Amino acid sequence: MVQLVLLAAVGHRRVIGIRNALPWHLPEDLKHFKTMTTGHVVVMGRKTFESIVERLGRPLPDRHSVVITRNRHWKPTWPKVSQSDQVSVVHDIDQLQKLSEEPIFVIGGAEIYALTLPMADRLEITEVEVDVEGDAFFPEISQEVWVRKAGPDLHSESSNLRYRFVQYLRRISE
């Protein structure tokens, strides 16, 4: 069975975004994200995919991007297509298990996190010590379902933010 991992940076009140963008700039988390996902399948909603292409001019490099959308007519477009740009479109989360033998990383947005949380094996959360406005939120993480393993508190010199990398593992039901 394929391992499904939800990967997110989360601020206070579970904020993950505002107007289809991250509400902070944390280079250390972006590096962590790249390290975790390079060479793997990344799953995201259409709005997340479009915001990435808008910022980068293309899909995330060196990853197979899978876009979940209800719109059966939507097709990914961007100005320059490279051979390394692997993009697939699915319309049902049940199709995710058929995508790869390797771990699959779900990278947003809020609706996709909510849909995939019940199927997830692991959560990789960067807890950002910041209280910002947002319009996208990570789902509630139940302590009855997840075991939290936090790394040390860290401080970003470039953004002056405190953060920590936290892993949540699904509890084994008896």
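The values are calculated or read from the model by the stated rules, or taken from the named source; none is laboratory data. Keep in mind it's a predicted model, so treat the numbers as computed, not measured. With ideal geometry, Cβ positions are generated from the backbone for all residues, glycine too; neighbour counts draw on all protein chains shown. For the accessible areas, the whole protein counts, side chains as well, though only heavy atoms, and no ligand, DNA or RNA atoms are used. Shrake-Rupley method; radii C 1.70, N 1.55, O 1.52, S 1.80 Å.
More than 27 Å from His12 (Cβ to Cβ) and among the aliphatic types (A, V, I, L, M): does that describe Leu99? Spell out the reasoning first.
Details: more than 27 Å from His12 (Cβ to Cβ): yes; among the aliphatic types (A, V, I, L, M): yes.
Yes.
Among the residues of the range 58-80, is there at least one that is assigned to a helix (DSSP H, G or I) and not acidic (Asp, Glu)? Can you show your working first?
Applying the first criterion (assigned to a helix (DSSP H, G or I)) to the range 58-80 yields none.
Scanning the range 58-80 turns up no residue that is assigned to a helix (DSSP H, G or I) and not acidic (Asp, Glu).
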message = Please list, ordered by residue number, the strands (runs of 3 or more DSSP E) wholly in the range 83-133 having 1 or more residues that are charged (D, E, K, R), open to solvent by less than 40 Å² (accessible area, probe 1.4 Å) and over 17 Å from His40 (Cβ atoms).
response = 122-128
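For residues that are in contact with a Phe, Trp or Tyr (Cβ under 6 Å, 6 or more places away or on another chain) and part of a strand (DSSP E or B), scanning just the range 145-169, find the one that is most open to solvent (accessible area, probe 1.4 Å).
Our first condition is that a residue be in contact with a Phe, Trp or Tyr (Cβ under 6 Å, 6 or more places away or on another chain); within the range 145-169, this holds for 146, 148, 151, 154, 168.
When the remaining residues are screened for being part of a strand (DSSP E or B), the result is 146, 148, 154, 168.
Values: Trp146: 11, Arg148: 118, Leu154: 54, Tyr168: 22 Å².
Across the range 145-169, the extreme among qualifying residues is Arg148.
Could you go through the range 28-51 and let me know if any residue there is surrounded by 14 or more Cβ atoms within 10 Å (Cβ to Cβ), among the acidic types (Asp, Glu), in contact (Cβ under 8 Å) with a residue 12 or more places away in the chain and touching a Pro at 6+ places or on another chain (Cβ under 9 Å).
To start, the set of residues in the range 28-51 that are surrounded by 14 or more Cβ atoms within 10 Å (Cβ to Cβ) comprises 28-29, 32-33, 36-37, 40-51.
Subsequent filtering for residues that are among the acidic types (Asp, Glu) retains 28-29, 50.
Retained after the next criterion (residues that are in contact (Cβ under 8 Å) with a residue 12 or more places away in the chain): 28-29, 50.
So of that shortlist, the ones also touching a Pro at 6+ places or on another chain (Cβ under 9 Å) come out as 50.
Yes; the residues of the range 28-51 include at least one that is surrounded by 14 or more Cβ atoms within 10 Å (Cβ to Cβ), among the acidic types (Asp, Glu), in contact (Cβ under 8 Å) with a residue 12 or more places away in the chain and touching a Pro at 6+ places or on another chain (Cβ under 9 Å).
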